[in-house]
Amino acid sequence: MQNDQAGDAKRTSLHGHWSSRMAFILAVTGSAVGLGNIWKFPYIAGQNGGGAFVLVYLICVVAIGMPVMMSEILIGRRGRRNPVATMELLGKEEGSSGHWRWVGGMGVIAGILILSYYSVVAGWTLAYVVKSVSGVFVGANADVVGAQFADFVGNWKAVGLSHTVFMGLTIFVVARGVERGLEQAVKFMVPALLILMLMLLGYSINSGYFGEGVAFLFTPDFEKLTWNSVLVALGQAFFSLSIGMGAIMAYGAYLPEDTSITGATAAVVTADTGIAILAGLAIFPLVFANGLSPDSGPGLVFQTLPLAFGQMAGGVFFATLFFVLLAFAAWTSAIGLMEPAVAWLVEHYNRTRAQASVMIGGLIWALGFGSVLSFNVLAETKFLAGTIFDNIEYLTSNFMLPLGGLLITVFAGWVMCRNSTADELGGSGATYKAWRVLARFVAPIGILIVLINAVT
Ligand code: PHE
């Protein structure tokens, strides 16, 4: 039975709390830092022409991503339930409507769809752990590394197997509950990943093409910027920060009352954006040094970083460590992608966490074969945005997440009364005022302008 306690802002979570402020920041950082930073950011920056795209991305992160993240956390903490029930409860409590639950519902679906392809790419990183150990990158040139990637993704059984292993690992942790182990894993993973990225950066600086990489990433050429690129940049800001689908809202439900939402948001956004930029700086010099094309697509990271590892001393060790860490980062993000759906099934249908994880995870696993086959058997089956993988990726990041974010900021900025939000964000000082302007005007209007211009 749920105890609704309507009107009482200080309700307690149905699932207990994070052990500390740090634990929450670590969990949200673990959700944010993942394939989005190291795999997706470089490849879509490459496809969208670099500089101007990166600038728009950074603007979206600050002006839209930050207020959306703060809104999500404050809504989650106030509702203290899964995103569907939280939106319904607060919708009624704030004198609007229970229909706001559909925002949570869309998030549940977005999480399921995103994880269906995310797990496939996470599977690639697992397979690359095995390749690294076996030493196949040692001394390899760009052609060899490119052929290795093409051979691997061309083999649907190998891709399907690694996707299956990754989903199994994800179901396992989600079944055991959100707190245990996650904190420890993230505490080690993020700093270790940072150190390895700095090492790769060092390698890139010495490649002789660092200037080209920097120029590509930071010299804006607005001629190359289309409304579609702006939409992709906005979608990437949402995807990389894990916002717009309720993952952060679900985590916020376990957040202790006295934690600063603004402080936590600033820490997460800085870490997430820093790692993405670092990945770009490490990868693009290698692209130019090896005569590769920046717009090679989803294989970009897998075709460049092995070159660096293949040439450095201790490369087998560092390559293995890198892909292990990347798989770890993907794993902590996958947990966040499943959390809204699982929490919803547990609370709404009275399932145990284990049952809910297996049911949702099984569904995601099956859907994932659409993406597994997009790189081989069905590679030529293209419609709308491209393959099945391309379509799921485009629909979720560029439409579902921004639309979710739009509704979340409208809810926090317009539907919730000032007292409720000021209470959660700690008073009505300058930070609160800034948040309110961003959440009421800048974020929703910005999202609308981009969506409208990109589809018309
Ligand atoms: N932010 C994660 C990444 O960058 C992906 C993600 C999106 C995770 C949405 C949770 C929710 O890899």
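The values are calculated or read from the model by the stated rules, or taken from the named source; none is laboratory data. Just so it is clear, the model here is predicted, and its values are computed rather than measured. Every residue, glycine as well, gets a Cβ built from its backbone with ideal geometry; the counts of neighbours run over all protein chains shown. Just the protein is used for accessible areas: all its heavy atoms, side chains included, with ligands, DNA and RNA removed. Shrake-Rupley method; radii C 1.70, N 1.55, O 1.52, S 1.80 Å.
Using 0.36 nm times the number of residues separating Lys92 and Ala63, minus their current alpha carbon distance, what extension gain do you get?
Here the answer is 7.6 nm.
What percent do you get for the relative contact order of the range 171-321 when only Cα pairs under 8 Å and 6+ apart count?
37 percent
What residues of the range 429-456 lie in the reach of a label at Ala266, counting those whose backbone N is under 16 Å from a point 7 Å from the Cα along Cα→Cβ?
429-436, by backbone N distance to the label point.
Can you put Tyr209, Tyr251 in order of accessible area, largest first, using a 1.4 Å probe?
Order by accessible area, largest first: Tyr209, Tyr251.
Please report the carbon-and-sulfur percent of the accessible area for the chain; probe 1.4 Å, protein heavy atoms only, DNA, RNA and ligands left out.
The computed percentage sits at 67.
Suppose every Lys and Arg Cβ carries +1 and every Asp and Glu Cβ carries -1, with no other charges. What dipole size does the chain come out with about its Cα centre, to the nearest 20 debye?
720 debye
Anything over 27 Å Cα to Cα? Flag those among Lys40/Lys92; Lys224/Lys433; Lys40/Lys224; Lys40/Lys433; Lys40/Lys382, in the order listed.
Lys40/Lys92; Lys224/Lys433; Lys40/Lys433, as the Cα separations exceed 27 Å there.
Relative contact order of the chain, please, whole-number percent, based on alpha carbon pairs below 8 angstrom and at least 6 residues apart.
35 percent
Charges only on Cβ, +1 for Lys and Arg, -1 for Asp and Glu: so what's the dipole of the range 293-416 about the Cα centre, in debye to the nearest 20?
Using Cβ point charges on Lys, Arg, Asp and Glu, the range 293-416 gives about 240 debye.
Over the range 83-136, what relative contact order in percent results from Cα pairs under 8 Å that are six or more residues apart?
Relative contact order for the range 83-136 comes out at 26 percent.
If Leu182, Leu194 are ordered by their accessible area, calculated over protein heavy atoms with a 1.4 Å probe, which sequence runs from highest to lowest?
Putting Leu182, Leu194 in descending order of accessible area: Leu194, Leu182.
Which whole-number value in Å² is the accessible area per residue of the chain, probe 1.4 Å?
36 Å²
How large is ³J(HN,Hα), in whole Hz, for each residue of the range 265-281 in order, when computed from phi with the Karplus curve 6.51 cos²θ - 1.76 cosθ + 1.60 and θ = phi - 60°, using x for Gly and Pro?
4, 4, 5, 5, 5, 4, 5, 5, 5, x, 5, 5, 5, 4, 4, x, 5
How would you rank 229-237, 269-277, 91-99, highest first, on the average number of other Cβ atoms within 10 Å across their residues?
Order by mean packing, descending: 229-237, 269-277, 91-99.
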